[in-house]
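Each remark here refers to the structure printed beneath this line.
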Amino acid sequence: MTLKAVETAMQVCPVEIAVAVLGGAWKLTIVKNLIDGPCRFGELGRRVGPVSARVLTRQLRELEADGIVSRTVFAEVPPRVEYELTELGRTLEPAVAWLDDWGATYSSRLTQRN
């Protein structure tokens with residue numbers, strides 16, 4: 001997220017910044033799956049669910065650009081790349097846990113109504 005985008009979002013509400021950074025397809029699911037520790041691309045894709053490699057790559061690059069995820073390339077053959085949450089990304093753990101609980105509660109209520 002650019003400085004100009006942050007300044008514009010702050011004029012509206014700080015929540016807008018969070019939504020702008022984390023609101024992309026699969027981003028919260030990616031963060032949730034990286035809370036347990038570093039993960040390789042293929043494993044992360046399997047954990048996240050039915051996401052294409054192209055979309056997963058784009059979302060990881062955006063999270064990396066926003067300082068939420070770091071990418072480490074190991075000098076090995078075959079090449080090994082791991083993704084993990086940065087210190088800033090780790091600050092999202094309580095929010096992700098809360099959203100996970102809220103989603104489960106909401107889903108349960110929907111099921112009870114139907």
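Worth a mention:
- Residue pairs whose Cβ atoms lie under 8 Å apart, sitting 6 or more positions apart in sequence or on different chains, and linking a residue in the stretch 90-114 that is of a type in the set (Val, Ile, Thr) to a partner that is surrounded by 12 or more Cβ atoms within 10 Å (Cβ to Cβ) and modelled with pLDDT of 95 or more, are Val96/Leu28; Val96/Val31; Val96/Lys32; Val96/Ile35.
- Scanning the stretch 74-86 for residues that are more than 22 Å from Trp26 (Cβ to Cβ) and either out of contact with any strand residue (DSSP E or B) (no Cβ under 6 Å at 6 or more places or on another chain) or at pLDDT 95 or above (or both) turns up Ala75, Glu76, Val77, Pro78, Pro79.
- Condition met for Ala53 (at pLDDT below 95 and among the small types (Gly, Ala, Ser)): no
- Filtering the stretch 10-50 to residues that are surrounded by fewer than 18 Cβ atoms within 10 Å (Cβ to Cβ), outside any helix (DSSP H, G or I) and among the hydrophobic types (A, V, I, L, M, F, W, C) leaves Cys13, Ala25, Ile35.
The values are calculated or read from the model by the stated rules, or taken from the named source; none is laboratory data. Since the structure is predicted, the reported quantities are computational estimates derived from the model, not experimental observations. Cβ sites come from the backbone with ideal geometry, for glycine too, and all protein chains shown count toward neighbours.
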